[in-house]
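Nothing in this text is a laboratory measurement; each read-out follows from the coordinates by a stated rule. Nothing here was measured: the structure is a model prediction, and the numbers come from that model. No Cβ is skipped: glycine too gets one built from the backbone with ideal geometry, and neighbour counts run over all protein chains shown.
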Amino acid sequence: MSAVQIDGLHKSFGTLEVLKGIDATVESGEVVCVIGPSGSGKSTLLRCVNLLEQPNSGKIVVNGVEITDRDCDIDAARRRVGMVFQQFNLFQHLTVLDNLTIAQRKVLKRDKAEAQRVAIENLEKVGVADKAKSYPAQLSGGQQQRVAIARALSMGPEVMLFDEPTSALDPELVGEVLGVMRRLADEGMTMLVVTHEMQFAREVADKVLFMDGGVVVEQGPPSQVIAAPQQERTKTFLARVLDPISRSE
Ligand SMILES: Nc1ncnc2c1ncn2[C@@H]1O[C@H](COP(=O)(O)OP(=O)(O)OP(=O)(O)O)[C@@H](O)[C@H]1O
Ligand SMILES: [Mg+2]
């Protein structure tokens, strides 16, 4: 049984068809990186897997439970899938610790002591436990993103989704966030990651999906999709992201 199985996923916004029949699987413990040009539907795909968007048709099954089933409890389904956003999305008026405990208490009904214990454990894991009493604005971008990862982990997700987690960061802060993600991958976390970090994809991904125009154009191990792409569209995209000079043109 796959951790995430996506079959024939379609999503439109009005007349704009953004996902045109996506088939993809993430096996348990696998890291799958999604790459592709702006507007190709990468975020929409992730948002469907977390039910932040309701697909128009198709099926998403998470560890055997069809979350796109009409009768599926959306809140329960969402709890099983953690998500980390480009812009961190931390509550600015809450301390780091409270950012991590609020959903545990409200959604998982954990008592304060238990929620705090889990929170501290996850803050330690991402290396920012010393910031527990700080507010997000007092942290660097890299620290804020690590807090956001710890917050998602505190809910005990079966799968973690990352939507360009490092693209809002100053270049010197990217490494610390990728390092945390790499450790999570090593620990066996199942991860679906939208990223432009080709080196990360190359080294950490078990599988890479190249999306363009709402379809998966090519997928396979990074040694295939990144190092030896078969499709012209993949080659063109990679040439642009791997060569900074042509990127600025
Ligand atoms: N809520 C929405 N309402 C209308 N159109 C939307 C909505 N969300 C996304 N779109 C459109 O869907 C298309 C795909 O968007 P999406 O954000 O999934 O692309 P992306 O691959 O993540 O791009 P980027 O690399 O820039 O983040 C775009 O044309 C976008 O304008
Ligand atoms: Mg996006």
Has the range 95-117 got any residue that is over 22 Å from Val49 (Cα atoms), of a type in the set (A, V, I, L, M, F, W, C), surrounded by fewer than 22 Cβ atoms within 10 Å (Cβ to Cβ) and in contact with a Phe, Trp or Tyr (Cβ under 9 Å, 6 or more places away or on another chain)? yes
Hey, does the range 130-149 have a residue that's closer than 30 Å to Gly58 by Cβ, of a type in the set (A, V, I, L, M) and surrounded by fewer than 20 Cβ atoms within 10 Å (Cβ to Cβ)? no
In the range 2-51, what count of residues is obtained for those that are among the hydrophobic types (A, V, I, L, M, F, W, C), assigned to a strand (DSSP E or B) and closer than 30 Å to Glu187 by Cα? 11
Residues that are without any contact (Cβ under 8 Å) to a residue 12 or more places away in the chain and either closer than 17 Å to Lys20 by Cβ or of a type in the set (D, E, K, R) (or both), drawn from the range 55-72: Glu66, Asp69, Arg70, Asp71
Is one or more of the residues making up the range 102-117 touching a helix residue (DSSP H, G or I) at 6+ places or on another chain (Cβ under 6 Å) and either under 20 Å from Val180 (Cα atoms) or in contact (Cβ under 8 Å) with a residue 60 or more places away in the chain (or both)? no
Could you check how many residues of the range 159-194 are of a type in the set (A, V, I, L, M), within 16 Å of ligand 2 (Cβ to nearest atom) and touching a strand residue (DSSP E or B) at 6+ places or on another chain (Cβ under 9 Å)? 4
Here is a list of conditions, (1) outside any helix (DSSP H, G or I); (2) of a type in the set (Gly, Ala, Ser); (3) more than 16 Å from ligand 2 (Cβ to nearest atom), and Ala103 meets all of them except one; can you say which number that is? (1)
Expected single match for more than 16 Å from ligand 2 (Cβ to nearest atom) and under 24 Å from Gln199 (Cα atoms) among Gly14, Gly29 is Gly29
When you check Leu90 against the structure, is it under 20 Å from the mean Cα position of the chain (by Cα), in a loop (DSSP other than H, G, I, E, B), buried (at least 19 other Cβ atoms within 10 Å of the Cβ) and in contact (Cβ under 8 Å) with a residue 60 or more places away in the chain, yes or no? yes
Count of the range 174-222 residues which are more than 16 Å from ligand 1 (Cβ to nearest atom) and surrounded by fewer than 18 Cβ atoms within 10 Å (Cβ to Cβ): 13
Tell me, which residue of the range 37-83 that is within 15 Å of ligand 1 (Cβ to nearest atom) and hydrophobic (A, V, I, L, M, F, W, C) is surrounded by the most Cβ atoms within 10 Å (Cβ to Cβ)? Leu45
Pull out all pairs, ordered by first then second residue, where Cβ-Cβ is under 6 Å, the residues are six or more apart or on different chains, the first lies in the range 10-31 and is without any contact (Cβ under 8 Å) to a residue 24 or more places away in the chain, and the second is of a type in the set (Gly, Ala, Ser). Thr25/Ser2
If we keep just the residues of the range 7-36 that are within 8 Å of ligand 1 (Cβ to nearest atom) and among the small types (Gly, Ala, Ser), which is farthest from Met181 (Cα to Cα)? Gly14
